[in-house]
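**Student:** Below is the structure I would like to discuss, written out as C-alpha cells.
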Amino acid sequence: MAVRFVMVGGFLGAGKTTTLARLARMYQARGKRVGIVTNDQAHDLVDTNTFRGQGFATQEVPGACFCCRFEDLVERVGALESTDRPDVILAEPVGSCTDLVATVVQPLKDLYGGRFEVAPYAVLFKPSHGRRILRNEPAGGFSPKAAYIFKKQLEEADAILINRADELSPAEQDELTRLVGEANPGVPVLRVSAQTGQGFDALTELLDQDGAFGRKILDIDYDTYAEGEAELGWLNASVKLTADKPFDLDALLGAILRELAGVCRALGGEVAHLKLIGMDEAGAFGVGNVVSSDTEPKLSLASGLHPREADLIVNARVAIDPAVLEAGVRRVVGAECMRVDVTPEFRTSQSLRPGRPVPTHRYAEAKK
C-alpha cells in the first residue's frame with residue numbers, strides 16, 4: 001500500500017513546524033502511523049529536535065534543500081518505512097526554497113508513483129513579511145530577490161494557508177485574503193492557525209484529496225532565486241549549558257532571544273527566523289522564536305525546567321553576513337549565560353550563505 005506523502009511549504013518563520021506537529025497529531029487520532037522528514041541547509045536543526053521531543057519518528061535531510069538532496073529524501077523516507085512503517089510522511093522543506101513542484105513533487109509522482117501517494121501541495125503564508133511584500137512595500141530588510149522567492153512559493157501552491165489567523169483581526173484577515181487572491185487567482189485560500197487548530201479540519205480535507213494536483217511548474221529565474229537565498233545569513237549552533245545550581249531555562253531562552261533580535265535590528269539585518277530549543281537530559285524541552293524584526297520574541301513552548309545542565313540549539317536566519325551573525329550569537333549567548341551564572345560551551349557552530357540550488361531532477365512540464 002502506498003504511503004501518503006504530505007509536504008507543506010512556506011517561508012522561513014511561516015509556522016511549518018507547528019503546522020506539521022498538529023497535522024501529525026490529527027493523523028494519529030485517525031489511527032495513522034506518521035513519520036516526519038525535516039530539511040535544512042546545515043546540521044543541528046531545532047525542528048528535528050522539536051518533533052523528536054514530541055515523540056514523532058523523525059529523519060533529517062541536512063546540507064541542502066530537498067530538491068538538491070532528492071535521493072537523501074527518498075533514503076530517509078525509506079529509513080522511516082523500515083523502522084516505523086508510516087501510513088503518512090510529513091515533509092518540511094527549507095523555508096528559503098521554491099520550485100519544489102518541479103524538483104520534488106513531480107519526480108516523486110513520476111519515479112515513485114507506486115510507492116507514494118502525493119498530497120496536494122499546500123504553502124503557508126507568513127503575514128508579517130507577506131503583507132509588506134504583496135503590498136509592494138520595502139521588504140523590511142529583504143531585497144526584491146528574497147521577496148521573489150516568497151512570491152514564487154505562493155505561485156506553485158495548490159492551496160495557500162494564511163497562518164496565525166488567531167493573531168490577526170478580521171479586517172487584517174480579509175485584507176490578506178484579498179492580496180493573496182489577487183496575486184494568485186483561482187488558488188484556494190484557507191485561514192488557519194497552527195497554534196489553535198483553526199481551519200485544520202478544512203486543511204486535512206484538502207490534503208486528503210486526489211486529482212490534478214502538484215502540476216504547477218514555475219517559470220523561474222535561478223539566478224534571482226540563488227541571489228535571494230544567498231542574501232540570508234544562516235547559523236546553526238549547539239551549546240552545552242552547565243551551572244552549579246538550578247537555573248530557569250525558559251527565562252534564559254527568552255533573554256537570549258530578546259538580545260539576539262535587538263542585535264540584529266542594530267546591525268540592520270532583517271530577521272527571517274530566530275529559533276531556540278533548550279533540552280534537559282530527560283528530553284523535556286522549551287522552544288522560543290522570533291519571526292521578523294518587527295515582531296516580539298515568543299516562547300512558543302515553555303519547558304518549566306530548572307536544570308543544572310541543558311543543551312541549547314540556536315537556528316538563526318537573518319539578512320546579514322553569516323560571520324557577523326555567528327559572532328553576535330556567540331556574544332549574546334555568552335553574556336546572557338554569564339548573567340545567571342551558567343557556563344556555555346559551544347559544541348558545534350556552522351554559519352553560511354546558502355549555495356546555488358542545483359536540483360537532482362527538474363521537470364520542465366508536469367507528467368502526472
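The values are calculated or read from the model by the stated rules, or taken from the named source; none is laboratory data. None of these values were measured; they are calculated from a predicted model. As a convention, Cβ positions derive from the backbone with ideal geometry for all residues, glycine included, and neighbour counts pool all protein chains shown.
**Student:** State which residue pairs qualify: first residue under 19 Å from residue 54 (Cα atoms) and modelled with pLDDT of 95 or more and inside segment 291-303, second residue in a loop (DSSP other than H, G, I, E, B) and among the charged types (D, E, K, R) in any location, beta carbons under 8 Å apart, and separation of 6 or more residues or different chains.
**Tutor:** 303/280
**Student:** For the list (1) out of contact with any Lys or Arg (no Cβ under 8 Å at 6 or more places or on another chain); (2) more than 26 Å from residue 317 (Cα to Cα); (3) surrounded by 16 or more Cβ atoms within 10 Å (Cβ to Cβ), I need the number of the one condition that residue 181 fails.
**Tutor:** Against the list (1) out of contact with any Lys or Arg (no Cβ under 8 Å at 6 or more places or on another chain); (2) more than 26 Å from residue 317 (Cα to Cα); (3) surrounded by 16 or more Cβ atoms within 10 Å (Cβ to Cβ), residue 181 comes up short only on (3).
**Student:** Can you spot a residue in segment 72-79 that is more than 18 Å from the chain's Cα centre (by Cα) and acidic (Asp, Glu)?
**Tutor:** Looking for residues that are more than 18 Å from the chain's Cα centre (by Cα) and acidic (Asp, Glu), one finds at least one in segment 72-79, hence yes.
**Student:** Residue 151 is checked against (1) crowded, with 21+ Cβ neighbours inside 10 Å; (2) part of a helix (DSSP H, G or I) and fails just one. What number does that condition carry?
**Tutor:** Only one criterion is unmet by residue 151, namely (1).
**Student:** For segment 256-290, which residues satisfy the criterion of being part of a helix (DSSP H, G or I), touching a residue at least 60 places away in the same chain (Cβ under 8 Å) and aliphatic (A, V, I, L, M)? Break it down into steps so the answer makes sense when it comes.
**Tutor:** Taking segment 256-290 as the starting set, the residues that turn out to be part of a helix (DSSP H, G or I) are 256-266.
Then keep just the ones that are touching a residue at least 60 places away in the same chain (Cβ under 8 Å); that gives 256, 259-260, 263-264.
Scanning segment 256-290 gives 256, 260, 263.
**Student:** To continue, here is another question. Working carefully through the options 186, 140, find the one that is in a loop (DSSP other than H, G, I, E, B), surrounded by fewer than 21 Cβ atoms within 10 Å (Cβ to Cβ), at pLDDT 95 or above and on the phi > 0 side of the Ramachandran plot.
**Tutor:** On the way: 140 fails: at pLDDT 95 or above.
Step by step, each of 186, 140 is checked, and only 186 is in a loop (DSSP other than H, G, I, E, B), surrounded by fewer than 21 Cβ atoms within 10 Å (Cβ to Cβ), at pLDDT 95 or above and on the phi > 0 side of the Ramachandran plot.
**Student:** If you don't mind, there's one more thing I want to ask. I'd like to check something: does segment 45-66 contain any residue that is of a type in the set (A, V, I, L, M, F, W, C), in contact with a Phe, Trp or Tyr (Cβ under 6 Å, 6 or more places away or on another chain) and surrounded by 23 or more Cβ atoms within 10 Å (Cβ to Cβ)? Give the derivation first.
**Tutor:** Taking segment 45-66 first, the residues of a type in the set (A, V, I, L, M, F, W, C) are 45-46, 51, 56-57, 61, 64-66.
Checking which are in contact with a Phe, Trp or Tyr (Cβ under 6 Å, 6 or more places away or on another chain) leaves us with none.
No, segment 45-66 has no match at all.
**Student:** Still on this structure, I have one more. When residues of segment 196-250 are filtered for being under 26 Å from residue 22 (Cα atoms), touching a residue at least 24 places away in the same chain (Cβ under 8 Å) and part of a helix (DSSP H, G or I), how many remain?
**Tutor:** Adding up the residues that qualify gives 7.
**Student:** Scan segment 154-183 residue by residue and report those that are in a loop (DSSP other than H, G, I, E, B), free of Cβ contacts under 8 Å to residues at least 60 places away in the same chain and within 23 Å of residue 118 (Cβ to Cβ). Outline the logic, then answer.
**Tutor:** Filtering segment 154-183 for residues in a loop (DSSP other than H, G, I, E, B) gives 156-158, 163-164, 168-169.
Subsequent filtering for residues that are free of Cβ contacts under 8 Å to residues at least 60 places away in the same chain retains 158, 168-169.
Result: 158, single match.
**Student:** Quick one: which of 124, 73, 111 is aliphatic (A, V, I, L, M), surrounded by fewer than 19 Cβ atoms within 10 Å (Cβ to Cβ) and either in the same structural domain as residue 25 (by TED's automatic domain parsing) or touching a Pro at 6+ places or on another chain (Cβ under 8 Å) (or both)? Break it down stepwise before answering.
**Tutor:** Numbers: 124 fails: surrounded by fewer than 19 Cβ atoms within 10 Å (Cβ to Cβ); 73 fails: surrounded by fewer than 19 Cβ atoms within 10 Å (Cβ to Cβ).
Matching residue, one of 124, 73, 111: 111.
**Student:** Next question. So, in segment 295-318, of the ones that are hydrophobic (A, V, I, L, M, F, W, C) and in contact with a helix residue (DSSP H, G or I) (Cβ under 7 Å, 6 or more places away or on another chain), which residue ends up farthest from residue 242 (Cα to Cα)?
**Tutor:** First, the residues of segment 295-318 that are hydrophobic (A, V, I, L, M, F, W, C): 299, 301-302, 305, 310, 312-314, 316, 318.
Narrowing further to those that are in contact with a helix residue (DSSP H, G or I) (Cβ under 7 Å, 6 or more places away or on another chain): 299, 302, 305, 310, 313-314, 316, 318.
Numbers: 299: 21, 302: 19, 305: 14, 310: 7, 313: 14, 314: 16, 316: 22, 318: 28 Å.
By that ranking, first place goes to 318.
**Student:** Follow-up question, since we're still on this one. Out of (1) small (Gly, Ala, Ser); (2) surrounded by 15 or more Cβ atoms within 10 Å (Cβ to Cβ); (3) in the same structural domain as residue 279 (by TED's automatic domain parsing), what's the single condition that is false for residue 335?
**Tutor:** All conditions are met except number (2).
**Student:** Quick check on segment 85-93. Is at least one of its residues modelled with pLDDT of 95 or more and surrounded by fewer than 18 Cβ atoms within 10 Å (Cβ to Cβ)? Spell out how you get there, then give the answer.
**Tutor:** Taking segment 85-93 as the starting set, the residues that turn out to be modelled with pLDDT of 95 or more are 85-93.
Now narrow it down to the ones that are surrounded by fewer than 18 Cβ atoms within 10 Å (Cβ to Cβ): 85, 87.
Yes.
Residue-by-condition table, conditions (1) within 26 Å of residue 232 (Cα to Cα); (2) of a type outside the set (Asp, Glu); (3) without any contact (Cβ under 8 Å) to a residue 12 or more places away in the chain:
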site	(1), (2), (3)
2	no, yes, no
8	yes, yes, no
32	no, yes, no
37	yes, yes, no
44	yes, no, no
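**Student:** Can you spot a residue in segment 18-33 that is over 24 Å from residue 106 (Cβ atoms), in contact with a strand residue (DSSP E or B) (Cβ under 6 Å, 6 or more places away or on another chain) and among the small types (Gly, Ala, Ser)?
**Tutor:** yes
**Student:** Moving to a separate point now. Residue by residue through segment 14-39, note down the ones that are part of a loop (DSSP other than H, G, I, E, B) and surrounded by fewer than 24 Cβ atoms within 10 Å (Cβ to Cβ). Give the derivation first.
**Tutor:** From segment 14-39, those part of a loop (DSSP other than H, G, I, E, B) are 14-15, 30-33; that's our starting set.
Within segment 14-39, 30, 31, 32, 33 qualify.
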